[in-house]
Structures are given as structure tokens and as C-alpha cells.
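Working notes, beginning with the structure itself.
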Amino acid sequence: MSRSERSGLQFPVGRVHRFLKKGNYARRVGSGAPVYLTAVLEYLTAEILELSGNAALDNKKKTISPRHLQLAIRNDEELNKLLENVTIASGGVVPNIHTALLPSSQGKKKETQE
């Protein structure tokens, strides 16, 4: 039985352990470290996939595109902070109109009073 099965994860714990050892992050790697890191990676992936899937459904699409990933990440406060320096290829920009460019409410009030 693999460590992924024992820990109830879908991502490969053994591969993450191998990468931790090969990466020279430390002289020794404990047995719990790759399990924990794998669980964190799996959670983040599931979160991003869920949000981007919702963004795809909002746009009446069945396939998740880089645009949907961009919208999902930038509209979530915590994911945006985590991935603020990440550029997603073909992701586009998040639609935003600065408040100074919107029509003023004073102009509308004058029209209704006249």
C-alpha cells in the first residue's frame, strides 16, 4: 500500500519525497514532511480547480481555460495574495472600471430635479 493511499491523498507522496531529497532543501527529510506538503498541494489545486470551474460555468463553458484560472485566482483575496507575482499566459485582465471614470451621481440628480 502506497503512502498516498495510506494518507488518503490523490497526489503522489513518494514523488514529492523524491523531489524534496533531490532539491537539496535540507540534508535530511522526515517521513511526515512529504505527506504534509502533498496534502497542501492537493488542497490548493482542488481550491483553484473548483473556483475556475465555477468561472467556466458562469461563462457557459464546459472547459476550463487560462482565462477562467485568471478570473478565479484574481477574484479570490487569499489566492490573489499568494499568487500576486504569477503571470498566467493567455489569462487576460480582470475587468475593472475605476470609480473616477464612472458617471457622477450629481449629474443624475440635476437631471431628475429639472
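Brief remarks follow.
- Scanning the stretch 64-114 for residues that are modelled with pLDDT of 95 or more and in contact with a Lys or Arg (Cβ under 6 Å, 6 or more places away or on another chain) yields one hit, Asn80.
- Verdict on Ile64 being in contact with an Asp or Glu (Cβ under 9 Å, 6 or more places away or on another chain), in contact (Cβ under 8 Å) with a residue 12 or more places away in the chain and β-branched (Val, Ile, Thr): no
- Of the helices (runs of 4 or more DSSP H) lying entirely inside the stretch 8-109, those carrying at least 2 residues that are within 14 Å of the chain's Cα centre (by Cα) and among the hydroxyl-bearing types (Ser, Thr, Tyr) are 33-58.
- Subset of the stretch 1-50 [surrounded by 11 or more Cβ atoms within 10 Å (Cβ to Cβ) and of a type in the set (Lys, Arg)]: Arg3, Arg15, Arg18, Lys21
- Close contacts from the stretch 34-47, counting a first residue that is free of Cβ contacts under 8 Å to residues at least 40 places away in the same chain and within 8 Å of Val13 (Cα to Cα) and a second that is charged (D, E, K, R) and surrounded by 12 or more Cβ atoms within 10 Å (Cβ to Cβ), with Cβ to Cβ under 7 Å and a gap of 6+ residues or different chains, come to Val35/Arg3.
The values are calculated or read from the model by the stated rules, or taken from the named source; none is laboratory data. Just so we're clear, the structure is a prediction, and the values are computed from it rather than from any experiment. Ideal geometry is used to build each Cβ from the backbone, glycine not excepted, and the neighbour counts take in all protein chains shown.
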